[in-house]
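Novice: This is the structure I want to talk about, given as structure tokens.
The values are calculated or read from the model by the stated rules, or taken from the named source; none is laboratory data. As the structure is a computational prediction, the values presented were derived from the model and not from experiment. Glycine gets a Cβ as well: all are built from the backbone with ideal geometry, and neighbour counts include every protein chain shown.
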Amino acid sequence: MASAGVPSWAASIPFAKAPRSCQRLETVVAMASDPQQAGRLRQDLVNHLSTLYDPDSAAENLTRFLQACRDPDTVLKTFDRSHGSLGSLLRLFSISQTLANRFISDPESFQFDFSGDRPLRPGLLVVGDLVDELSQTENLKRAYSVIRGFVAREISRIARDEFDRGTTPQEVGRMLARTYDVALEAALHFTLERLIARRGKPLRPDGTSPEVTVIGLGNYGGEEIGYGVPLNLIFLFDSIDHRNSWHRDFYETMVDDVISLLCGDPHQRDIIVTDLRQGPRFEVGVKICSFREAAQIYETSGRAWQRMKFIKARVVAGSQALGHQFLDRLKPWIYRQYTGGAEFSELQAIQAKLTRRTEEPTAEDASQPINLVHAPGGLRDLEDAVAFLQILHGGYLPMLRQHSFYEAVSSLRLENCLSEPEANVLAEHYARLWRLHHQLSISFDQNNGDLPTLKADKQRLAWHLGIRSADDHEPDAAKFIELLENTLAQNRLLIRNLMSETRLERSPRIEQAVETELLLDPNPDHLTVEKTMRGHGLSSPDRAMEDLAALSTESVPFLSPHRCRHAFASVAPQLLKEISRTPDPDATLAALVQVADSLGAKATLWDLLGSHQPTMELVVRMCATTPYLTNILIDNPGMVDELIDSLLVDHLPSAGRLDAHSIELCRGATDVNQILHGFKSSAHLTIGVRDVLGKETIESTQAAIGDTAEACVRRLIEREHTHAANRLGDPVDTEGNPSELVTIALGKFGGREPNYHSDLDAIFLYSAEGETQRRVGGRRTTTSNHLFFNQVARAVIDRVNDAGPLGRLFELDSRMVPFDSEGVLSISVDEFLSRFRKDIVPLWQRLALCKARVISGSRLLKHRITNELIEVISSTKWTSQMAVDTGTMRLQMEQTASKENLKRGEGGTVDIELVAQLLTLRHANENPGIIQTGTTATLESLRESKFLSPDEAKTLLEGYRTLRRTEANLRLMNTPARHELPDDDQAMANLAFLMGEATGDAIRERCEAVRVNNRRVFNEVLTRLST
């Protein structure tokens, strides 16, 4: 008995929403032209809808379809004539809402697809029809609609054949590939004609026009593609006029327009998806190139996984002759008869990956969907296993050179590379998985191969696949999942057996590290990447893999990419192990990428790191903690030699060697500033490397930095002196003897104890008053020595401080000159020293003079002035008020610095320097020998002369070396505050790693302890000197 709202004739249909669905059926029946037709229609609807899993959606879609038809009566008569057409339509309406929507939006296609069997016409005829239709428009959007309509109709027909008539997955893949071929050929033809009409035809110098071909790879090339699966394409031309940039722009635009015609709006899902990533120059943004260039790239840089992709390559559009010429040339590369070391390693990595994947679970997580393509034992693994056997044996077994999976399996069987049971399982399971993939695409509009996670969706899928309960009334989702997992498990077992039976050994097999396999694998497993990268302390595995890929890619075009990739793959495990020991492995790896990119010739670098562990440790340490040094390498790639020399030479360059080297570099140079920047960077790199390695004392490190600065200043003085003399003549005294510029270095510069970024303090004096003397053949203009040397001093200061493209060479100041008038930078030696002898200089200048060192002038002049400086210091009239004033001055300095300042804060290095300078002023008259260059040398001299107790000297020496070493490392780290420990925990961790300390807190505690001791000794000495 029928329920309310349900007619008796429809009572047996298992509707979920019976009243509404029956109302729709009544609407359909009412469209019949006579009672007899209506009766037959009712019976057909009952017969067909009763067998469907979702009769409600089928009834709704049928109603919408007929309402959208211009002549529903004609469609109903078609149902009468072709008894299977209504059932086919309802089954498709029940299976796929996407297909239903296509039919409803284009009802006319019903006659085309269901009025009877339509024989498949030759491709050229179909292309011709489509090209004729496209020729009616020049609008890209309209052309896209035409192509999309054609593809949609063809896909609907193919889906009907598969799900209604039982067409095999193999044939479905072939029909889909041919459909895409037609669409691609028509799109290419339309685009070329349209561009030629608008821009003209590209012609080469010989008057011919370039030909274009399109190569399909992967599943598309092998004609084993599914619904909505991306088309892997490569666009090529034979040759163009490379001197004419318009030609390249023409063909780049052609590719863009073809892709637009096929794919429409890139931000929306569509029935055609393209993938150009396999193109030879895709990584540099070039979408089309000549076939010769492409072949050369693949032959010289191609990898084993790319050879596997090209197994299925075929010409899909454009010039067949050009495409076949390209593929014929690549055959010896695809199927190698002889395998080199690099290719052998890649094959080993592929084999190891396939073996490892057989041990992985079907899904990464029980809550994650099973993916038919990427799951272990899925479609990708089956294809890779067969392709692996093809490239392994295809070099000497030509029969294996098949572009179809099924044909390849058959050939492998005939050549005894597979047993008959293995071949049967591979073909059967491959078809089964593709059948399921097609069902997912049509039923759920899911083209990536993910199985649905909802139970209702799994039941629906099981029903359509015919997996049902014993009474055939209910779908059996559990059985479906069990069958699928069994299929994948059998696939994994088969692949494991194939890989274990495949001998790929030249010598006793060496197990490859997982890091090496990941780098040689084009599609590394996500779980393995995650586990491996995090195991090395890298918090962003995906980013880390991108950095590793960059390191394995040779940036110099003419160098072998194979050698670079394999050299890096072999060194990567140990390199990552070293990187994992740094405080911030992610930042270290990113810095290494920058350094390697700047150096070029990466393979040589990896060979060096692999053969010399100390070099690897050094490079990693630098990248982890010393941006100052790594930036030098990045800006000056040629200085990698200095890096190596620093490891091989067991000492720093002497002052004489640095001076001589700078002279040689500047000889004949037009741009001395650039030369000196390079000289400074090279020297600092050498010094810094030995500093990082802990091979030098802080005194020798600072001395070498000071000697570098001294050589630079000398060269600029010589340069500017020569320029001034050419214009104004040579300066001489009243008796005609040469007058010389005397440069006195002060502060850290004078004490040969500057740091990497220290400012330079110096004063410029001249040996005697007088006038310049015109050079023979020179200008007639002359001037006083005072003006001459002031011009030279100004030019030197400007040169040193010039913030040009390379930045400042140094920051040079000349504050100690007792200015009598503004702009005076140089006075005579006698005038300068007379101020000290007359005792009219402030105390701070006398203290500064204790670190004075003559760095320019003739040897005799330097010796004379040095003795005069010693005499001035020794003749200082000491008073206890000097100690009091020094304490006041120190307090003022302290008030202008933060408490954490290692230099001017309480107990900082200024405390120690003032102790050394005060004691020198106090006792130099008694013992001039205590006047030494540098703070530590002065402290040791004061101890030996018993002006400092051993304990006091030890405390101050330890404190000075600790704080100065810490400051030096802060400079290498390029910290914003050069004299303060950073507040950032990560920066403190980096500092601890650089200094070889356990923690940053240990450094902080040590600095605080020595500062307390420094201040204690400072106060004791000050008290002693004040009484």
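Novice: Return the residues of the range 846-860 that are surrounded by fewer than 18 Cβ atoms within 10 Å (Cβ to Cβ) and touching a residue at least 24 places away in the same chain (Cβ under 8 Å); say none if nothing qualifies.
Specialist: Of everything in the range 846-860, just one residue is surrounded by fewer than 18 Cβ atoms within 10 Å (Cβ to Cβ) and touching a residue at least 24 places away in the same chain (Cβ under 8 Å), namely S858.
Novice: A further question follows. Name the single residue, out of those in the range 272-326 being part of a helix (DSSP H, G or I), of a type in the set (A, V, I, L, M) and in contact with a helix residue (DSSP H, G or I) (Cβ under 8 Å, 6 or more places away or on another chain), that is farthest from T213 (Cα to Cα).
Specialist: Checking each candidate, the answer is A304.
Novice: When you go through T783, T743, T772 one by one, which is the residue that is of a type in the set (V, I, T), in contact (Cβ under 8 Å) with a residue 24 or more places away in the chain, over 21 Å from R853 (Cβ atoms) and buried (at least 20 other Cβ atoms within 10 Å of the Cβ)? Working first, answer last.
Specialist: Values: T783 fails: buried (at least 20 other Cβ atoms within 10 Å of the Cβ); T743 fails: over 21 Å from R853 (Cβ atoms).
Of the residues listed, the single one that is of a type in the set (V, I, T), in contact (Cβ under 8 Å) with a residue 24 or more places away in the chain, over 21 Å from R853 (Cβ atoms) and buried (at least 20 other Cβ atoms within 10 Å of the Cβ) is T772.
Novice: Test N1014 against the criterion of being out of contact with any strand residue (DSSP E or B) (no Cβ under 7 Å at 6 or more places or on another chain) and closer than 30 Å to A883 by Cβ, and give yes or no.
Specialist: yes
Novice: Looking at this structure, is D44 more than 22 Å from R102 (Cα to Cα) and either touching a residue at least 60 places away in the same chain (Cβ under 8 Å) or not hydroxyl-bearing (S, T, Y) (or both)?
Specialist: Yes: the conditions hold for D44.
Novice: Still on this model: Can you tell me which of (1) surrounded by fewer than 23 Cβ atoms within 10 Å (Cβ to Cβ); (2) more than 55 Å from the chain's Cα centre (by Cα); (3) not β-branched (V, I, T) is the one S898 doesn't meet?
Specialist: Going through (1) surrounded by fewer than 23 Cβ atoms within 10 Å (Cβ to Cβ); (2) more than 55 Å from the chain's Cα centre (by Cα); (3) not β-branched (V, I, T) one by one, S898 breaks only (2).
Novice: Only residues that are more than 16 Å from T502 (Cα to Cα) and buried (at least 22 other Cβ atoms within 10 Å of the Cβ): list them for the range 401-417, please.
Specialist: F405, A408, S411
Novice: If we scan the range 986-1003, do we find a residue that is surrounded by fewer than 21 Cβ atoms within 10 Å (Cβ to Cβ), closer than 29 Å to T888 by Cα and at pLDDT 90 or above?
Specialist: No, because not a single residue in the range 986-1003 is surrounded by fewer than 21 Cβ atoms within 10 Å (Cβ to Cβ), closer than 29 Å to T888 by Cα and at pLDDT 90 or above.
Novice: Answer with yes or no whether R329 is within 17 Å of D384 (Cα to Cα) and out of contact with any strand residue (DSSP E or B) (no Cβ under 9 Å at 6 or more places or on another chain).
Specialist: When the stated conditions are applied, R329 does not pass them.
Novice: Only one of these is of a type outside the set (G, A, S), assigned by TED's automatic domain parsing to the domain that holds L921 and over 33 Å from the mean Cα position of the chain (by Cα): E958, E967, E997. Name it.
Specialist: E958
Novice: Right, next: Within the range 901-910, can you find the residues that are farther than 16 Å from G751 by Cα and in a helix (DSSP H, G or I)?
Specialist: Result: no residue meets the conditions.
Novice: Can you tell me which of K680, K695 is under 40 Å from the mean Cα position of the chain (by Cα), of a type in the set (D, E, K, R) and not in a helix (DSSP H, G or I)?
Specialist: Just a single option satisfies the conditions, and that option is K695.
Novice: Continuing with this model, one more query. Just to verify a result, which residue in the range 425-471, among those that are over 40 Å from the mean Cα position of the chain (by Cα) and β-branched (V, I, T), is farthest from L379 (Cα to Cα)?
Specialist: Filtering first and then ranking leaves I467.
Novice: So, in the range 198-218, exactly how many residues are out of contact with any strand residue (DSSP E or B) (no Cβ under 7 Å at 6 or more places or on another chain) and either modelled with pLDDT of 90 or more or surrounded by 17 or more Cβ atoms within 10 Å (Cβ to Cβ) (or both)?
Specialist: First, the residues of the range 198-218 that are out of contact with any strand residue (DSSP E or B) (no Cβ under 7 Å at 6 or more places or on another chain): 198-209.
Cutting the leftovers down to either modelled with pLDDT of 90 or more or surrounded by 17 or more Cβ atoms within 10 Å (Cβ to Cβ) (or both) gives us 202.
Total meeting the criteria: 1.
Novice: Within the range 226-248, work out how many residues are outside any loop (DSSP other than H, G, I, E, B) and at pLDDT 90 or above.
Specialist: Result for the range 226-248: 7.
Novice: So in the range 694-744, with the set limited to residues that are hydroxyl-bearing (S, T, Y) and farther than 20 Å from L676 by Cβ, which one is modelled with the lowest pLDDT? Walk me through how you get there before you give the answer.
Specialist: From the range 694-744, those hydroxyl-bearing (S, T, Y) are 697, 700-701, 708, 722, 734, 739, 743; that's our starting set.
Applying the additional criterion that residues be farther than 20 Å from L676 by Cβ yields 697, 700-701, 734, 739.
On the way: T697: 93, S700: 94, T701: 94, T734: 89, S739: 94.
Among those that are hydroxyl-bearing (S, T, Y) and farther than 20 Å from L676 by Cβ, it is T734.
Novice: If you don't mind, another one. With respect to the numbered conditions (1) at pLDDT 90 or above; (2) more than 24 Å from I225 (Cβ to Cβ); (3) buried (at least 18 other Cβ atoms within 10 Å of the Cβ); (4) of a type outside the set (G, A, S), which one is the sole condition not fulfilled by E420?
Specialist: With (1) at pLDDT 90 or above; (2) more than 24 Å from I225 (Cβ to Cβ); (3) buried (at least 18 other Cβ atoms within 10 Å of the Cβ); (4) of a type outside the set (G, A, S) applied to E420, the lone miss is (3).
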